[in-house]
Amino acid sequence: MNDGILVFSEEERVEAIAILEKLRKLVGSQATDGKVQQGEVTAEDEELLKQHLLSIVGNHALPRNVFGLNPILCSLQAALIAVEEIGLRRDSVLAVLLYSSVMAGLKTTDEVETEFGKGVATIIRGLVRVGELYKKNPVVESENFRNLLLSFAEDMRVILVMIADRVNLMRQIRDTKNDQARREVSMEANYLYAPLAHKLGLYRLKSELEDLSLKYLEHDAYYHIKDKLNETKRSRDAYIESFITPVRQRLEAAGLRFHMKGRTKSIHSIWQKMKKQKCGFEGIYDLFAIRIIIQGQQDHEDIGTRSKEHALCWQAYSIVTDMYQPNPKRLRDWLSVPKSNGYESLHITVLGPQSKWVEVQIRTERMDEIAERGLAAHWRYKGVKAEGGMDEWLANIRAALEAGDDLQMMDQFKMDLYEDEVYVFTPKGDLLKFPKGATVLDFAYHIHSKIGSTCVGGNINGKNVSIRQQLQSGDTVSVLTNPNQTPKQEWLNIVKSSRAKSKIRLAIKESQAKDGLFAKELLERRFKNRKVEIEESVMMHTIKKMGFKEVSDFYKQIADEKLDVNEVIEKYLEVRDHDEKLNAPKPAQSAQEFEYENPDEQIARRNDDVLVIDKNLKGLDFTLAQCCHPIYGDPVFGFVTVSGGIKIHRADCPNAPELRKRFGYRIVKARWSGKGSSQYATTLRVIGNDDIGIVSNITNIIAKEEKIVMRSINIDSHDGLFSGNIVVQLDDTSKLEALVKKLRTVKGVKQVTRL
């Protein structure tokens, strides 16, 4: 026998013929009237399959696998497991026997469909699709990969065939010399196929996969436990019967209707217990397990019925613990408080005959049904997480398997198991789960916030796509980024996952904060250049008046240069004048300050001095600008506001150049003509040395001046220097000039300027 070329040995030939004969009896047509039953392999099927297999063998078309095993014989062995252990029929059997030929390119799925029908071709296409997933080098030790397989295979028979094939492979590789390949196959069996078998209720195959995996991966541990079990198999079976018999008699005497199951834990289960409890074989309490299932009413919702069920369980508990000493530390009462997944049962560990610990589980048929098929299906109770609405779906399949159904009913199960989820690969083979409809942008934000915020597109299965491209199960996805990219508000409509949405909102918020800071600094700088002080309340009113509902939008438009800062300043001044109608700025606050406000001060709201505007027009309504505070005698000009009124500015107003440049058509001439009794508020900026008594000297000079009223004074002192604003009310520029000269003579005063 050549390890590379497929040549049947005599032993293989005999086994193959024997298996074919078994399959013929199990799924071959037994009809004598020519009427073939559903799920049976016809004579025509047999002839086509025979010709194909003979062709392969005659041409040595298929090589042996990495273990040196005969692929045709392996297919026959797997097909027999699929029929005997799982209950699969014609389509699955033919698919198992033809799959190797399709993968080797000896037959196409279209040819299979033509010769054997759509059902066989569907299963093979599913197997091929799963094979494609393996080429992506996935991390199989993950719940996500198991779920992807279930959704990707479409037809559940694909998964069942895969389980049968893996069970057979695990049986056949016992004596292989390829240890590395055997370890990889065993790890997959443990992490992937055993949980799948468990989900589907194939408990015997699940235990076999786990035990064989342990045998190949933990050789010494496996044989240690196996030898221990073999030592006492006969006595153990007798022990279980001796434990059950008196319990059964006492329960029957109490009038309970029930049935009991006895079992010994699998080698794998015992090993897991030993590792978890960090003890030897002899330290496993529940090596023997008994389940007492009490018959009762099936009303799931009736509270009274549940109370009766609980009473029956506790009655059985009382009987068992009267007979055998319980370990109170091992009592698990999930009757009074069921598990969060709905599991209800009473677990006790008692010291049976010969001082051996036995676990006893007590529950009703309703509880057992829920534990096996409902919310708390056994595989969930054991820690294998459930996904979506799979419970009912898998329970139906388990029920079909247990009923020996020919599984042609599988058509009704070709639903999308995960209609709300998709599973995609990273380039490294990691598998990620997303809600259905998720896009490349969702994927990018799942990887990292920075990746998401700079995402400009992606690559799916080697093809460049936009950030809006939706993900499909099985896709391999990578992200394209650009450091200049920033999150957009509309991205919230592109992503599907809540994780991506929250990260985008956070990124936008941070971006808005940066924009706001930049815009605020820009505004403050420009306002300062125009010698306009910013008041928060006025600014908020201005933003609202300019039509912005959100302050962040206002600052963003400034940051993006979509809004002219000069326009903002003009609007600010108009709003301030309208709101406050004050002829004086609000004094600046400081940490160390001297403040004075004149409580008796009366501010003139109407000016009775004569001002000639434009072409000798008198009597026009006007207001004095707050930015420069003109007084009688100042060279002035008029500015026609948006509302139609006229605002009077000093000719040397800091805003004058900008107003003339941008709004020259709104500038009108103005000059003082007649003197009335009006007084004007103006602000003087005083800077000097912080000498003792200097403030008193300044205020005394102002107090002595005739027809000058001091409205307020605010002085701030720092490191021996002071600076402050003094607001005075006076008649005209001549009085102002005289006052400035006197203040400059005060000792310590270095500078006096008009604002």
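Scanning segment 724-755 for residues that are in a helix (DSSP H, G or I) and either open to solvent by 50 Å² or more (accessible area, probe 1.4 Å) or over 23 Å from L611 (Cα atoms) (or both) yields S734, K735, E737, A738, L739, V740, K741, K742, L743, R744. Counting only helices (runs of 4 or more DSSP H) that sit completely within segment 289-400, those holding 1 or more residues that are among the aromatic types (F, W, Y) and at pLDDT 65 or above correspond to 303-323.
Among the residues of segment 208-223, those identified as open to solvent by 40 Å² or more (accessible area, probe 1.4 Å) and either part of a helix (DSSP H, G or I) or among the small types (G, A, S) (or both) are E208, L217, H219, D220, Y223. Condition check for V686 on (1) in contact with a Lys or Arg (Cβ under 6 Å, 6 or more places away or on another chain); (2) closer than 27 Å to P654 by Cα; (3) at pLDDT 85 or above: one failure, at (1). In segment 483-511, the residues that are in contact (Cβ under 8 Å) with a residue 40 or more places away in the chain and under 13 Å from G452 (Cα atoms) reach residues that are open to solvent by 60 Å² or more (accessible area, probe 1.4 Å) and part of a helix (DSSP H, G or I) with C-beta atoms within less than 9 angstrom, at least six apart or across chains, in these pairs: I504/Q489.
Kindly check whether there is at least one residue in segment 153-169 that is under 22 Å from the mean Cα position of the chain (by Cα) and not aromatic (F, W, Y). No, segment 153-169 has no match at all. Among the residues of segment 152-168, is any of a type in the set (G, A, S) and either modelled with pLDDT under 90 or touching a His at 6+ places or on another chain (Cβ under 9 Å) (or both)? Yes: one or more hits. Among the residues of segment 676-687, are any within 16 Å of F622 (Cα to Cα), in contact with a Ser or Thr (Cβ under 8 Å, 6 or more places away or on another chain), of a type outside the set (F, W, Y) and buried (at least 20 other Cβ atoms within 10 Å of the Cβ)? No, every residue in segment 676-687 fails to be within 16 Å of F622 (Cα to Cα), in contact with a Ser or Thr (Cβ under 8 Å, 6 or more places away or on another chain), of a type outside the set (F, W, Y) and buried (at least 20 other Cβ atoms within 10 Å of the Cβ). Of the residues making up segment 167-197, those that are open to solvent by less than 30 Å² (accessible area, probe 1.4 Å) and without any contact (Cβ under 8 Å) to a residue 60 or more places away in the chain are M170, V185, S186, A189, L192, Y193, A194, L196, A197. The number of residues in segment 237-254 being surrounded by fewer than 13 Cβ atoms within 10 Å (Cβ to Cβ) and either at pLDDT below 90 or of a type in the set (K, R) (or both) comes to 3. Scan segment 549-561 for residues that are under 14 Å from G516 (Cα atoms) and open to solvent by 30 Å² or more (accessible area, probe 1.4 Å) and the total you get is 8. Per the conditions (1) in contact with a strand residue (DSSP E or B) (Cβ under 7 Å, 6 or more places away or on another chain); (2) over 25 Å from D634 (Cβ atoms); (3) without any contact (Cβ under 8 Å) to a residue 60 or more places away in the chain; (4) open to solvent by less than 40 Å² (accessible area, probe 1.4 Å), the sole criterion not satisfied by L721 is (4).
Residue by residue, here is whether (1) surrounded by 13 or more Cβ atoms within 10 Å (Cβ to Cβ); (2) at pLDDT 85 or above; (3) hydrophobic (A, V, I, L, M, F, W, C); (4) not in a helix (DSSP H, G or I) holds:
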site: S235; (1), (2), (3), (4): no, no, no, no
site: L256; (1), (2), (3), (4): yes, yes, yes, yes
site: G262; (1), (2), (3), (4): yes, no, no, yes
site: D286; (1), (2), (3), (4): yes, no, no, yes
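Got at least one residue in segment 188-200 being part of a loop (DSSP other than H, G, I, E, B) and of a type in the set (D, E, K, R)? No, the conditions are met nowhere in segment 188-200.
Here G457 passes the criteria (1) in contact with a Lys or Arg (Cβ under 9 Å, 6 or more places away or on another chain); (2) modelled with pLDDT of 85 or more; (3) not in a loop (DSSP other than H, G, I, E, B) except the one numbered (1). When you look at D564, is it at pLDDT 75 or above and exposed (fewer than 15 other Cβ atoms within 10 Å of the Cβ), yes or no? When the stated conditions are applied, D564 passes them. Among all residues of segment 429-450, there is at least one that is touching a residue at least 40 places away in the same chain (Cβ under 8 Å), surrounded by fewer than 17 Cβ atoms within 10 Å (Cβ to Cβ) and under 23 Å from E141 (Cβ atoms). Quick check on my filter: what residues within segment 498-518 are more than 21 Å from V465 (Cβ to Cβ) and surrounded by 17 or more Cβ atoms within 10 Å (Cβ to Cβ)? Matches in segment 498-518: A507, I508, S511, Q512, D515, G516.
Kindly indicate which of V479, V495, V532 is at pLDDT 85 or above, open to solvent by less than 100 Å² (accessible area, probe 1.4 Å) and assigned to a loop (DSSP other than H, G, I, E, B).
V495
Hey, can you tell me all the residues within segment 209-241 that are under 13 Å from L287 (Cβ atoms) and within 48 Å of the chain's Cα centre (by Cα)? Within segment 209-241, I225, K228, L229 qualify.
The values are calculated or read from the model by the stated rules, or taken from the named source; none is laboratory data. Note that the structure is a prediction, hence the values are computed from the model and not measured. Counting neighbours? That spans all protein chains shown, and the Cβs are built from the backbone with ideal geometry, glycine included. The area values use the complete protein model at the heavy-atom level, side chains included, leaving out ligands, DNA and RNA. Shrake-Rupley method; radii C 1.70, N 1.55, O 1.52, S 1.80 Å.
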